[in-house]
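Asks: Sharing a structure with you now.
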Amino acid sequence: MATGFGIIGCGLISKFHAKAIADAADAELVACYDTVTEAADRLAEATGCKAYHSLEAMLADPRVEVVTIATPSGAHMEPAVAAARAGKHVVVEKPLEITLARCDAIIEACRQADVVLSTIFPSRFHESSQLLKRAVDQGRFGRLVLGDAYVKWWRTQQYYDSGAWRGTWELDGGGALMNQAIHSVDLLLWLMGPVVEIRAQTALLGHERIAVEDVAVATLRFANGALGVIEASTAVYPGYLKRIEIHGTRGSAVMEEEDIVKWDFAEEVAEDAAIRQRMEQRLSGGGGAADPAAIGHHGHARQFTDVLQAIRTGKSPLIDGPEGRRSVEVILGIYLAAERGEPVRLPLASDPVLNARTHGVGGLKKAGCVG
Ligand SMILES: NC(=O)c1ccc[n+]([C@@H]2O[C@H](COP(=O)([O-])OP(=O)(O)OC[C@H]3O[C@@H](n4cnc5c(N)ncnc54)[C@H](O)[C@@H]3O)[C@@H](O)[C@H]2O)c1
């Protein structure tokens, strides 16, 4: 029998969850819940699932075996912990949560309840990401020397005005980094390994009425000795496809959204030519570079399939709770390094106390601290 899914939070991304559940083998969307009853009713009407107007009632439904959490980022923890305590497997949208303490509370609740926890990062399931990861694991790059992520995106002022939570420290947990570039931060950490030192600067340059950064630059030192750069923005018109660049002493690869645009190794293997040829077809769509709704749902579908497999086999999903926490820690480290104006070493002992959390970058601007 198909595994029953319930969606918590019926906004923009929930529609992609519904499509992905429909596409994943042996999965069925059976329920949804939103604090705004009309939002739940609309999703239920569009998909044929049951709308709940109370979280407790949805979690008491035995047909719901897995929940996907699609509430604002700083409101993931409460429903995730409640779902775990109700014995449901938990799939949480990125970021897992916006502080380390809140990430840890979700991880611990799922551990105690012995349910599967997975953090959504659809990009990891793209063929190009998997090819890059395999090449890294095979040592084809030689010594890794540089790992870079560039996310030069565009979000309109209307995007930030469209939801009271968007662009706030309290519920978005940050700006271009915590909301948009986190997909690339996750990929970079997956490919390059842990970060041990960060230097950074952030700014709010292209939007009004938000408290968080819309431009960020950081330099990284990875545990393996390699260096790297993260550039993230939502203020770059018209918005470009995101890029990951991996360089080593024996090879280089560059991924643009879902396409591999450079694939050069000192020692060629038989499949390299085929990879280059296939990737020349440029499979990527807009990838959310300028429009948050211009994304596909195939990465989500593959991730839900991975979660179902983890439930059936008892093995960990590809992106479990601690994996989801890693990108949050690096991003918090970038905010801390930017605020202090000095390098920050990871791991962070605890959540950094940031002035930006109370005043925001916008607040610093008003206070004359930034231009
Ligand atoms: N993986 C991706 O590509 C991707 C893309 C977009 C958004 N997201 C993530 O998905 C999450 C939601 O983003 P969105 O753009 O869909 O936001 P949204 O504002 O469109 O939708 C959020 C919904 O959650 C509801 N809600 C708020 N608090 C709730 C609560 N406590 N319980 C139940 N429902 C609640 C709201 O009423 C709203 O309908 C965010 O964490 C975001 O980072 C991921």
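Asks: Within segment 244-263, work out how many residues are open to solvent by 80 Å² or more (accessible area, probe 1.4 Å) and outside any loop (DSSP other than H, G, I, E, B). Steps first, please.
Replies: Narrowing segment 244-263 to residues open to solvent by 80 Å² or more (accessible area, probe 1.4 Å): 249-250, 262.
Applying the additional criterion that residues be outside any loop (DSSP other than H, G, I, E, B) yields 262.
Residues flagged as open to solvent by 80 Å² or more (accessible area, probe 1.4 Å) and outside any loop (DSSP other than H, G, I, E, B) within segment 244-263 amount to 1.
Asks: Could I ask something else about it? I'd like to check something: does segment 257-268 contain any residue that is closer than 30 Å to Leu12 by Cα and within 16 Å of the ligand (Cβ to nearest atom)?
Replies: Scanning segment 257-268 turns up at least one residue that is closer than 30 Å to Leu12 by Cα and within 16 Å of the ligand (Cβ to nearest atom).
Asks: For segment 1-22, enumerate the residues that are open to solvent by less than 60 Å² (accessible area, probe 1.4 Å), part of a loop (DSSP other than H, G, I, E, B) and within 14 Å of the ligand (Cβ to nearest atom).
Replies: Gly9, Cys10, Gly11, Ile13
Asks: Take the conditions in contact with a helix residue (DSSP H, G or I) (Cβ under 7 Å, 6 or more places away or on another chain) and either aromatic (Phe, Trp, Tyr) or more than 11 Å from the ligand (Cβ to nearest atom) (or both) and apply them to Ala86. Does it pass?
Replies: yes
Asks: Among the listed residues Ala293, Ala273, Ala301, Ala289, which satisfies the condition of being modelled with pLDDT under 95, more than 21 Å from Ala149 (Cα to Cα) and either in a loop (DSSP other than H, G, I, E, B) or open to solvent by less than 50 Å² (accessible area, probe 1.4 Å) (or both)?
Replies: Going through Ala293, Ala273, Ala301, Ala289 in turn, just one is modelled with pLDDT under 95, more than 21 Å from Ala149 (Cα to Cα) and either in a loop (DSSP other than H, G, I, E, B) or open to solvent by less than 50 Å² (accessible area, probe 1.4 Å) (or both): Ala293.
Asks: Continuing with the same structure: Have a look at Ala101, Ala51, Ala25 and point out the one that is away from the ligand (no atom under 15 Å from the Cβ), not aromatic (Phe, Trp, Tyr) and not in a helix (DSSP H, G or I).
Replies: Details: Ala101 fails: not in a helix (DSSP H, G or I); Ala51 fails: away from the ligand (no atom under 15 Å from the Cβ).
So the residue among Ala101, Ala51, Ala25 that is away from the ligand (no atom under 15 Å from the Cβ), not aromatic (Phe, Trp, Tyr) and not in a helix (DSSP H, G or I) is Ala25.
Asks: I've got another one for you. Kindly provide the set of residues from segment 175-202 that are more than 30 Å from Gly251 (Cβ to Cβ) and either among the acidic types (Asp, Glu) or part of a loop (DSSP other than H, G, I, E, B) (or both), ordered by number.
Replies: Gly175
Asks: Please specify each residue of segment 58-80 satisfying the condition of being more than 19 Å from Val92 (Cβ to Cβ), open to solvent by 30 Å² or more (accessible area, probe 1.4 Å) and in contact (Cβ under 8 Å) with a residue 24 or more places away in the chain.
Replies: Within segment 58-80, Ala60, Arg63 qualify.
Asks: Restricted to segment 110-151, and to residues that are of a type in the set (Gly, Ala, Ser) and out of contact with any strand residue (DSSP E or B) (no Cβ under 8 Å at 6 or more places or on another chain), which residue is least open to solvent (accessible area, probe 1.4 Å)?
Replies: Only one residue tops the list, namely Ser123.
Asks: Next up: Within segment 119-127, identify whether any single residue is free of Cβ contacts under 8 Å to residues at least 40 places away in the same chain and polar (S, T, N, Q), and answer yes or no. Show your work before the answer.
Replies: Looking only at segment 119-127, we keep the residues that are free of Cβ contacts under 8 Å to residues at least 40 places away in the same chain, and these are none.
Scanning segment 119-127, I find no residue that is free of Cβ contacts under 8 Å to residues at least 40 places away in the same chain and polar (S, T, N, Q), so the answer is no.
Asks: Sticking with this one: How about segment 304-329: which of its residues are farther than 27 Å from Tyr237 by Cβ and open to solvent by less than 30 Å² (accessible area, probe 1.4 Å)? Lay out the reasoning, then the answer.
Replies: Just the residues of segment 304-329 that are farther than 27 Å from Tyr237 by Cβ, to begin with: 304-326, 328-329.
Selection gives Phe304, Val307, Leu308, Ala310, Pro317, Ile319, Gly321, Gly324, Val328, Glu329.
Asks: Here's something else I'd like to know. Go through segment 125-174 and give me each residue that's within 11 Å of the ligand (Cβ to nearest atom) and assigned to a helix (DSSP H, G or I).
Replies: Tyr159
The values are calculated or read from the model by the stated rules, or taken from the named source; none is laboratory data. Fair warning: this is a prediction, and the values are worked out from it, not measured in the lab. Here Cβ is always computed from backbone atoms with ideal geometry, including for glycine, and neighbour counts include all displayed protein chains. Areas reflect the complete protein model, heavy atoms only, side chains present, ligands, DNA and RNA absent. Shrake-Rupley method; radii C 1.70, N 1.55, O 1.52, S 1.80 Å.
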